[in-house]
Amino acid sequence: MQNSRYVSSTSPVVGFILALAIGLLIGRTREPVEGRPPRPGIRDFLIIAMLGAIAGHIGNLMVAFALFAATVGAVLLMRAHHPERTGITTELAAIATFALAALCMTGQHAYGAGLGIVLAMILVQRDEIRRFVREEISDAEYIDTLSFLGLIFIIYPLLPDGGYGPFEFFEPRRIWKFVILVSGVSYVGYFLSKFGPAQRAALMTAVVGSLASTTAYTTALSRSVAESPESAVPATRFGLIANSIMFPRMIVIVAPIAGLLAISGIPAFAAMMLTGFIMAMLVSRAEPTEGTQVSPSTFKNPFSLKPALQFGVVVAIVMLLARAGRHYLGSGGQLVVAAISGLVDVDAISLTLAGSVQSGNTTVENALIGMTLAAGVNAIFKSFVAQSSGQPAFYLRMMAGFAAMFVVGAAVLAFVDPAPFVHIIEQIMNS
């Protein structure tokens, strides 16, 4: 028998409490101000929330409609007595309070409570929101934001799923994801640079880019350097930092499938990551005549579709080569396939190799070599991408950083036996 002292999260009591809390929060933002026309305040919104909760609890459509009509009628009646009032924010807030209070009486009460908090924040931050929209966001930035959202929520859902053409290499949705990633890095980097300190914004953009796609990030960064040559040297630092984070990301990706592969790869991949961080600090030291700070205009445009589409075409070509290599070479040409697949994306081939280790079709050593080879070829591809910036101060430093990372990684793979390290990790996990 359930103990009656405890109230279940699905109890109507919880729903009524949440509904009244919403009425209190929203009502506080609409409390009448002295010297201004009267409007519904905390007590009114508490009553509105209570009526909404009752309507949701009863669950009768006619009763709910009657209570809703009474609420709207009362609010409009008060409005009619004070025609000097402008705007309908309070009236809309009253309707929203009723609806959210009713939602709190259903199994979706968490959404009702969350949306109530969001609504209260929107109402209380009125002046800040107006200033941000009118003064901080330009018309061009607004249009670019709509264009970027269109890529995600309009074009992407309309694209067919699956592969087409020879070896089914042409996958519209997958290719469009890369277009979105390249555009997204530029979009995020632009607004981080605009609203935050340049150094911190650049670092945050690098981290976001490394988690999304280092290839897409390097492409966007190269385009920004081409537009802002003065940022070439400091941009190298963040380009190498992002590409260094790729190595622990690869370990994390394969860990759920082949834990032994992930543990065995830690020495080499950690060495490559640390080398990348060191090189990021060394090669980004500016000459006396060069700038030492990231230009605030590193990302000049929040949205630019042409470079992203060009990158999408390159992705499609690389996918054709990878599929053809896999078809003609099969498992016997695993390293060649890994190299071709790694041109644009290392995640897919890393997962494939992890699956081969798990199924016993390949050894951990060969899988590590394949992952490293894929990452190395990916670095070569990104070196050519960096060269498209036309700024030797940027792409030569990037190439030097890549070279150092993989020289160290190859040395660790060749001369460091991961077995003792694996044994230590297994002992720690079993203790």
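The table that follows gives values for the structure above.
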{"quantity": "Residue match in the range 129-150 (condition: modelled with pLDDT of 85 or more, outside any helix (DSSP H, G or I) and over 20 Å from Asp345 (Cα atoms))", "calculated": "no"}
{"quantity": "Residue, farthest from Gly325 (Cα to Cα), within the range 181-200, restricted to residues that are in contact with a helix residue (DSSP H, G or I) (Cβ under 7 Å, 6 or more places away or on another chain) and touching a residue at least 60 places away in the same chain (Cβ under 8 Å)", "calculated": "Ser193"}
{"quantity": "Count of residues meeting criterion [surrounded by fewer than 20 Cβ atoms within 10 Å (Cβ to Cβ), modelled with pLDDT under 85 and of a type in the set (A, V, I, L, M)] in the range 335-385", "calculated": "4"}
{"quantity": "Odd one out for Arg39 among (1) at pLDDT 85 or above; (2) surrounded by 16 or more Cβ atoms within 10 Å (Cβ to Cβ)", "calculated": "(1)"}
{"quantity": "Some residue of the range 231-243 being in the same structural domain as Val314 (by TED's automatic domain parsing), of a type in the set (D, E, K, R) and farther than 22 Å from Met405 by Cα", "calculated": "no"}
{"quantity": "Residue among Val385, Val416, Val377 that alone is among the hydrophobic types (A, V, I, L, M, F, W, C) and over 23 Å from Ser213 (Cβ atoms)", "calculated": "Val416"}
{"quantity": "Qualifying residue in the range 168-188 (condition: of a type in the set (Phe, Trp, Tyr), in contact with a Pro (Cβ under 7 Å, 6 or more places away or on another chain) and under 26 Å from Arg223 (Cα atoms))", "calculated": "yes"}
{"quantity": "Residue match in the range 326-334 (condition: modelled with pLDDT under 60 and out of contact with any Pro (no Cβ under 6 Å at 6 or more places or on another chain))", "calculated": "yes"}
{"quantity": "Hits in the range 233-248 - residues which are touching a residue at least 40 places away in the same chain (Cβ under 8 Å) and either closer than 13 Å to Ile266 by Cα or among the charged types (D, E, K, R) (or both)", "calculated": "Arg237, Met246, Phe247"}
{"quantity": "Residue match in the range 317-324 (condition: out of contact with any Leu (no Cβ under 8 Å at 6 or more places or on another chain), crowded, with 16+ Cβ neighbours inside 10 Å and either free of Cβ contacts under 8 Å to residues at least 24 places away in the same chain or not in a helix (DSSP H, G or I) (or both))", "calculated": "no"}
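Conditions (1) surrounded by fewer than 15 Cβ atoms within 10 Å (Cβ to Cβ); (2) outside any helix (DSSP H, G or I), marked per residue:
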residue	(1), (2)
Met78	no, no
Gly87	yes, yes
Leu92	yes, no
Gly107	yes, yes
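The values are calculated or read from the model by the stated rules, or taken from the named source; none is laboratory data. Bear in mind the structure is a predicted one, so any value in this text is a computation, not a measurement. A quick note on method: Cβ atoms are made from the backbone with ideal geometry, for glycine too, and the neighbour counts reach across all protein chains shown.
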